[in-house]
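Report on one structure; see the data block that follows.
Quick note: the coordinates plus some simple rules give every number you see, no bench work behind them. Computed from a predicted structure; not experimentally measured. Cβ atoms come from the backbone with ideal geometry, glycine included; neighbour counts cover every protein chain shown.
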Amino acid sequence: MNLLSPQYLDKQKVSQSFNRVASTYEQYANIQKIVGNELLERLQWLKIEPQQILDAGAGISQLTRNLSSQYQQANVYAVDIAPQMMIEFFKQVRTSNQFFICADAAQLPFADNSLDLIVSNLMLQWCNDIHAIFTEFKRTLKPDGALFFSTFGPDTLIELRYSWAKADNGSHVNQFVDMHDMGDTLIKVGLTNPVMDVDMFQFTYSEIKLLMQELKQIGAHNIMAGRQRGLMGKSKFQAMLMAYEQYRSPEGLLPVTYEVVYGHALGKVTG
């Protein structure tokens, strides 16, 4: 009997999925780049000069490179669960203050109170236990340190979710945590002064098959426990495509929505 939630994400499968696409990830990771740049802009709110920085869920480390450029006197640690991402990282031009560590964000290889700044861009949606991740962030963050993160909210890929629901009852699109639940969890683990906000992005495609190919190229295809095993019948896939047609615009384009949740918190109350 399978007792796992249909939305459960196996860490090993997550790692394998991103290993397979490491060499092409940066070419297709458009939303990740946009949101990563937004996070960098938000770091202007910081009132500290961080010396030890963690990029959690770094991928091939574009954000790591930008953080190294922005904070040239700091050590920047790129952590990711997929070892192939590390190989791609070492193919790039690096500076002496950049370090890649293959590790699970739920078990960070850092001492208590050792990090000045933790940044995480679109990683949390791949974690089953947000409480465990935030607990690790709190443990490793210095009392005067700061956490900045982004993740996807519940309306991400909402058109695709509704279209699949018309085709069958399987789990095809990840379940994303609500912004308010994120904020509550930050407080529960002891992080302070949490601030949450949300932004909506919409892209358009001539065919939804192009979206699905793009998702596969960045490792974001369906690996949930509730996914259908084996080959999917063409009839279900066609039913999904037909259902998606209700969203086609007068200009002939199909919309794809991403709800991006941003959050930041501090290691202690300031004042």
Expressed as an acute angle from 0 to 90° and rounded to the nearest 10, what is the orientation of the C-alpha long axis of helix 179-188 relative to the principal long axis of the chain?
-> 30
With TYR262 itself left out, Lys, Arg at +1 and Asp, Glu at -1 over residues whose Cβ is under 9 Å from its Cβ give -2
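Sort 34-43, 136-145, 89-98, 59-68 by packing, meaning the average of other beta carbons within 10 Å per residue, with the highest value first.
Output ranking for 34-43, 136-145, 89-98, 59-68: 59-68, 136-145, 34-43, 89-98.
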Determine ³J(HN,Hα), in whole Hz, for all residues of the range 91-103 in sequence, where each value follows from phi through the Karplus function 6.51 cos²θ - 1.76 cosθ + 1.60 and θ = phi - 60°; x replaces Gly and Pro.
-> 7, 8, 6, 10, 9, 5, 9, 10, 9, 10, 10, 7, 7
Residue-wise HN-Hα coupling along the range 10-23, computed from phi with Karplus coefficients 6.51, -1.76, 1.60 (Hz; x: Gly, Pro) = 6, 4, 5, 5, 4, 4, 4, 4, 6, 4, 5, 10, 4, 6
Taking the alpha-carbon set of the chain, what are its Rg and Dmax in Å?
-> 19.0, 60
Cβ crowding within 10 Å averaged over residues, with 182-193, 247-258 ranked highest first = 182-193, 247-258
Tilt, helix 30-42 to longest principal axis of the chain (alpha-carbon atoms), in degrees rounded to tens, equals 30
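Of all beta bridges DSSP finds with both residues in the chain, what is the antiparallel percent, to the nearest 5?
On the way: 20 of 39 bridges.
Around 50 percent of the beta bridges assigned by DSSP in the chain are antiparallel ones.
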Return one number: the angle in degrees, 0 to 90 and rounded to the nearest 10, between the long axis of the Cα atoms of helix 208-217 and the longest principal axis of the Cα atoms of the chain.
-> 40
Per 5 Å bin from zero, what fraction in whole % of the C-alpha pairs of the range 101-145 is there, up to the bin with the longest pair?
-> 5, 22, 32, 27, 12, 2
